[in-house]
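Please treat every number below as a calculation from the coordinates, not as lab data. Everything quoted here is computed from the prediction, not taken from an experiment. Here Cβ is always computed from backbone atoms with ideal geometry, including for glycine, and neighbour counts include all displayed protein chains.
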Amino acid sequence: MSKIKFAVIGQGHIGKRHAEMIRRSSEGELVAVCDRHSREHLDLHHVKEKYYTDIDELLAAHPEVDVVTICTPNGLHAVQALKAIEADKHVVCEKPMALTKADCEEVIFKALQRNKNVFCVMQNRFSPPSIWMKQIVEEKIIGNVYIVQLNCFWNRDERYYKKGGWKGVQELDGGTLFTQFSHFIDIMYWLFGDIKDIQARFNDFNHSELTEFEDSGFVNFNFVKGGVGSINYSTSVWDRNFESSITIIGEKGTVKVGGQYMDKVEYCNIKDYTMPDLQPTNEANDYGNYKGSANNHPQIISNVIDTLKGRTTITTNAMEGLKVVDIIERIYSLRNKNRKS
């Protein structure tokens with residue numbers, strides 16, 4: 001069977017990760033990579049694939065490419081996805097899919113017109129604790145869900161927000177919920193559905209010289225399907241990440257999945273239920289001075305290939321990517337409202 005041909009746009013930490021996972025795939029082939037910086041500037045002399053500094057040049061030169069993987073700053077995702085779809089490519093888009101619901105809708109509309117798939121990267125869905133939570137919620141093992149608390153307390157300081165970079169810039173970054181914590185909001189949406197009746201408070205404790213947006217927030221809401229929830233988050237934790245956790249209080253029991261990256265079942269007490277042994281969680285993505293979510297990118301690439309070969313369906317489709325953006329955009333509308341008042 002022919003290999004699925006990929007091109008990767010962006011050669012930062014995540015872009016390099018995508019490129020390497022494609023190289024390791026027996027059914028994938030990396031044809032070309034692209035970054036606004038030159039190969040020499042990024043010290044990518046080892047990259048054997050065709051190298052471009054302009055996405056339009058890459059798309060014009062490689063009609064054989066099946067999939068374009070977008071790993072650029074958040075604010076560029078939508079416009080680059082549209083260019084790839086216009087060139088008749090499927091798209092893999094790193095989180096977030098875009099910074100507005102309207103941009104997501106434009107991408108989805110174009111993909112439907114061209115009969116192309118849009119894969120949204122939400123790799124925490126592949127984490128064994130996430131899969132386990134999905135089971136106990138969907139099968140009502142925990143009963144009706146009463147309360148959900150999502151806590152995301154990380155460190156992002158001057159080691160992360162480099163002068164002249166895109167991180168911390170509103171137009172390209174979008175905010176803490178988009179760049180740091182959208183993976184965990186996706187897990188919450190995946191498990192419990194949409195939210196309504198949102199209330200929120202925001203603070204900027206120690207990032208006023210580093211970013212153009214808040215570093216912390218308390219958000220509470222009702223779930224459309226019933227129950228209440230909250231998201232408590234901050235990047236003001238000193239020195240290193242503290243935790244990313246979700247606590248579920250249900251009719252028949254209580255569970256908490258925590259650790260720095262929501263990768264450990266810390267508590268499980270459910271009526272007439274024995275906690276099963278779970279597969280180990282992959283290590284967090286290591287970016288030197290800081291870490292991110294679990295390295296489940298091999299599963300992402302495998303899902304793309306399996307979907308295009310007709311063996312499965314998309315793990316996180318474009319509509320789900322849109323909903324995560326929609327939820328964050330509605331939360332941030334309260335932040336923007338507070339600024340105006």
Remind me, relative contact order of the chain in percent, using alpha carbon pairs under 8 angstrom and six or more residues apart?
18 percent
Along each of its three principal axes, how wide is the spread of alpha-carbon positions in the range 124-292, in whole angstrom units, largest first?
55, 37, 23
Sites excluded, trypsin sites (Lys or Arg not before Pro) in DSSP loops with at most 12 other C-beta within 10 Å, longest stretch of the chain:
49-139
Degrees separating the helix 101-114 axis from the principal Cα axis of the chain, which is the longest one
50 degrees
Using 0.36 nm per residue of separation minus the Cα-Cα distance, give me the extension gain between Arg159 and Lys196 in nm, one decimal.
9.7 nm
Quick check: the distance between the Cα centres of the range 24-78 and the range 225-253, to the nearest angstrom?
36 Å
GNM result for the chain, Cα springs below 10 Å: residue of Glu20, Glu139, Glu106 fluctuating most strongly:
Glu139
If the cut-off is a Cα-Cα distance under 18 Å, which lysines reach Lys271, setting aside same-chain residues fewer than 8 apart in sequence?
Lys134, Lys140, Lys252, Lys256
Compare Glu329, Glu94, Glu64 in a GNM of the chain, Cα atoms joined below 10 Å, and give the one with the largest fluctuation.
Glu64
For Asp306 and Glu20 in one chain, what is 0.36 nm times their gap in residues minus the Cα-Cα distance, to one decimal in nm?
101.2 nm
Helix 182-192: angle to the longest alpha-carbon principal axis of the chain, degrees 0 to 90, nearest 10?
50 degrees
Compute the relative contact order of the range 202-283 as a whole-number percentage, counting only Cα pairs closer than 8 Å that sit 6 or more residues apart in sequence.
16 percent
Using Cα-only point scatterers and the Debye equation, what is log10 of I(q)/I(0) for the range 236-276 at each q in 0.25, 0.26, 0.29 Å⁻¹, rounded to two decimals?
-0.82, -0.86, -0.96
For the range 4-120, just list the percent of Cα-Cα distances falling in each 10 Å bin from zero outward, please.
15, 50, 31, 5
Over the range 4-120, what is the relative contact order in percent, taking alpha-carbon pairs closer than 8 angstrom and at least six residues apart?
24 percent
At 222 nm, what helix-only mean residue ellipticity would the chain give, in deg cm²/dmol to the nearest 500, using -39500 (n - 2.57) for each DSSP H run of four or more?
-9500 deg cm²/dmol
